[in-house]
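The values are calculated or read from the model by the stated rules, or taken from the named source; none is laboratory data. Fair warning: this is a prediction, and the values are worked out from it, not measured in the lab. Every residue, glycine among them, receives a Cβ derived from its backbone with ideal geometry; neighbour counts consider all protein chains shown.
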């Protein structure tokens, strides 16, 4: 039996969890028990239910699911999803995009870029390690700068922008509330990138709409399938506890920004775009 714990949320946000659950149901061959959690749910009661039903494999979604996962992961096979989690002992698939997926799209959409600059906080250091190795494999140079807070990030961006060459450099905005701050950092970088014809791309879905050349958003159905793959292998001890970035992503492209940068994409390439923005 596979247990799936997820929050009950109102439309349209419920569509995310419906798609994940659909992926789980299509991938898993055995019986599945769903545990929808109301906003007033009790972690203790939910854990007791899992124990009484002798549930040994659990997929926990969202913040509510994560609260339950923290209580049972040491004695059950648990995979967490639908959160930007970082390695902390609990296994799961993070909403953070696998850097290689971003870099592959960058090479298609802006082939002149040879170096990628990214600012990150310590929480994302694990992802930057993966990014460095993957960038090397693709022939890209990754310039990564760790910052401690928003003030530090602003100062580092000010220095960085003076050193970048728009012909061959790009800025990557990770899913980081400090270095991709919506109120301070993003408007500043969007304005600079537009004025200096600099490629700016992002791990956050909404940023393409706001003017980044492209961004990524999760394929929730594939996330569900990936969580089944992980929890089954945790149960059979084929893999150790781990957190993996999402490698099944959809691509959003801002065609107005692309045209401004001098990029034109043929029909074959455009067929890879899940969402396009023209303003």
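Please tell me if residue 157 is over 24 Å from residue 265 (Cβ atoms) and modelled with pLDDT of 95 or more.
On the way: over 24 Å from residue 265 (Cβ atoms): yes; modelled with pLDDT of 95 or more: yes.
Spelling it out, residue 157 is indeed over 24 Å from residue 265 (Cβ atoms) and modelled with pLDDT of 95 or more.
Suppose the filter is in the same structural domain as residue 126 (by TED's automatic domain parsing) and either under 30 Å from residue 273 (Cβ atoms) or in a loop (DSSP other than H, G, I, E, B) (or both); does residue 75 pass it?
So residue 75 fails the test.
For residue 44, state whether it is more than 27 Å from residue 124 (Cα to Cα) and assigned to a loop (DSSP other than H, G, I, E, B).
So residue 44 does not fit the description; no.
Just checking: which of the strands (runs of 3 or more DSSP E) contained wholly in the stretch 160-228 hold 1 or more residues that are over 25 Å from residue 148 (Cβ atoms), touching a residue at least 40 places away in the same chain (Cβ under 8 Å) and touching a helix residue (DSSP H, G or I) at 6+ places or on another chain (Cβ under 9 Å)?
Of the strands (runs of 3 or more DSSP E) lying wholly inside the stretch 160-228, those with at least 1 residues that are over 25 Å from residue 148 (Cβ atoms), touching a residue at least 40 places away in the same chain (Cβ under 8 Å) and touching a helix residue (DSSP H, G or I) at 6+ places or on another chain (Cβ under 9 Å) span 199-202, 214-218.
Give the residues of the stretch 74-99 that are over 24 Å from residue 138 (Cβ atoms), surrounded by 22 or more Cβ atoms within 10 Å (Cβ to Cβ) and in contact with a helix residue (DSSP H, G or I) (Cβ under 7 Å, 6 or more places away or on another chain), sorted by residue number.
Taking the stretch 74-99 as the starting set, the residues that turn out to be over 24 Å from residue 138 (Cβ atoms) are 74-83, 85, 88-92.
Those still in the list that are surrounded by 22 or more Cβ atoms within 10 Å (Cβ to Cβ) too: 77-82, 91-92.
Hits for the stretch 74-99 are 77, 78, 79, 80, 81, 82, 91.
Step by step: first the residues of the stretch 4-31, then only those that are in contact with a helix residue (DSSP H, G or I) (Cβ under 8 Å, 6 or more places away or on another chain) and not in a helix (DSSP H, G or I), then the one that is surrounded by the most Cβ atoms within 10 Å (Cβ to Cβ). Which residue is that?
Step by step, filter the stretch 4-31, then rank; the result is 5.
All but one of (1) over 21 Å from residue 126 (Cβ atoms); (2) outside the structural domain of residue 56 (by TED's automatic domain parsing) hold for residue 152; which doesn't?
That leaves (1) as the condition not met.
Is one or more of the residues making up the stretch 204-223 more than 20 Å from the chain's Cα centre (by Cα) and at pLDDT 95 or above? Spell out how you get there, then give the answer.
Step one: filter the stretch 204-223 for residues more than 20 Å from the chain's Cα centre (by Cα), giving none.
No.
Taking the stretch 242-259 as the region of interest, how many residues are touching a strand residue (DSSP E or B) at 6+ places or on another chain (Cβ under 9 Å) and either assigned to a helix (DSSP H, G or I) or over 27 Å from residue 194 (Cβ atoms) (or both)?
At the first step, the residues of the stretch 242-259 found to be touching a strand residue (DSSP E or B) at 6+ places or on another chain (Cβ under 9 Å) are 242-258.
Filter once more, so that each one left must be either assigned to a helix (DSSP H, G or I) or over 27 Å from residue 194 (Cβ atoms) (or both): 242-248, 255-258.
The total comes to 11.
Can you tell me which condition residue 151 does not meet? The list is (1) within 30 Å of residue 74 (Cβ to Cβ); (2) without any contact (Cβ under 8 Å) to a residue 12 or more places away in the chain, and all the others hold.
The single condition residue 151 does not satisfy is (1).
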